[in-house]
Each structure stands twice: as C-alpha cells, then as structure tokens.
1. If a residue must be at pLDDT 85 or above, surrounded by 14 or more Cβ atoms within 10 Å (Cβ to Cβ), β-branched (Val, Ile, Thr) and assigned to a helix (DSSP H, G or I), how many such residues does the stretch 51-89 contain?
2. If you take the residues of the stretch 22-40 that are surrounded by fewer than 20 Cβ atoms within 10 Å (Cβ to Cβ), farther than 14 Å from Ser66 by Cβ and not β-branched (Val, Ile, Thr), which of them is nearest to the chain's Cα centre (by Cα)?
3. Hey, can you tell me all the residues within the stretch 30-45 that are in contact with a helix residue (DSSP H, G or I) (Cβ under 6 Å, 6 or more places away or on another chain) and not β-branched (Val, Ile, Thr)?
4. Considering only the stretch 6-36, state which residues are of a type in the set (A, V, I, L, M) and modelled with pLDDT of 80 or more.
Amino acid sequence: MNFFLVNIYGINSHALEAVDLYDKTKDKLTGNIQSILTSVLTACAHGGLVKEAQRIFDDIPNEKRSVNIWNTLVSIEYRMIQVAFFLTGREECFISCNRDHMVQ
C-alpha cells in the first residue's frame with residue numbers, strides 16, 4: 001500500500017475508510033512509512049477521529065515518531081479543543097480566564 005490511497009480517502013472526507021484501509025494493511029506497509037502514518041493521522045484530524053488517531057499513534061514505535069507525526073497529533077488535539085469550545089460556547093470564558101490569570 002502506498003500513502004496515496006490513504007491520502008485520497010482522507011482529503012475526500014472518507015476518514016473512516018482511510019483508517020480501515022490502514023488497519024487492514026498496517027502489517028504490510030511498504031514505501032515511505034512516515035508519509036503513510038502522517039496521511040492516516042491527517043485523515044483522522046479532518047474526520048474528527050480522535051480515538052482512532054490516538055490508537056494509531058500509540059501503535060507507532062517511538063523511533064518512528066517523527067516531528068511530522070507529533071505535529072499531526074497535536075493538530076488533532078487542537079482541532080478537537082476548538083470544536084469543543086465552538087459547541088459549548090465557552091471560548092469567551094476560556095479567553096477571559098487566561099487573560100485574568102496571565103503572569104505579568
């Protein structure tokens with residue numbers, strides 16, 4: 001499997017399919033594995049699949065966790081925080097709380 005298939009699913013709003021394809025073929029990865037991992041994690045980010053992304057990330061050996069992979073995981077977490085604030089309407093409270101408690 002090359003990363004193009006996972007990437008195509010991810011960029012076309014088919015995150016679940018990208019994760020499913022990755023899960024079925026992860027033991028037979030060939031080519032640029034870093035790109036495949038980044039693509040599947042990016043698909044999770046765009047699809048809001050936080051648990052799936054965390055599971056995939058946890059399965060990546062430490063020596064294969066590149067800066068790109070770490071950045072993608074941070075991006076997923078940040079996007080979910082943004083969604084939570086949007087859905088709960090608590091962003092103003094968060095901003096106000098940070099402003100009130102900043103170290104001067």
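1. 3
2. Per the stated criteria, the residue is Asp23.
3. So in the stretch 30-45, the residues in contact with a helix residue (DSSP H, G or I) (Cβ under 6 Å, 6 or more places away or on another chain) come out as 35-45.
Passing the criteria: Ser35, Leu37, Ser39, Leu41, Ala43, Cys44, Ala45.
4. First, pick out the residues of the stretch 6-36 that are of a type in the set (A, V, I, L, M): 6, 8, 11, 15-16, 18-19, 21, 29, 33, 36.
Within the stretch 6-36, Ile8, Ala15, Leu16, Ala18, Val19, Leu21, Ile33, Ile36 qualify.
The values are calculated or read from the model by the stated rules, or taken from the named source; none is laboratory data. These numbers were taken from a predicted model, which means no experiment stands behind them. All Cβ positions, even for glycine, are placed from backbone atoms using ideal geometry, and neighbour counts span all protein chains on display.
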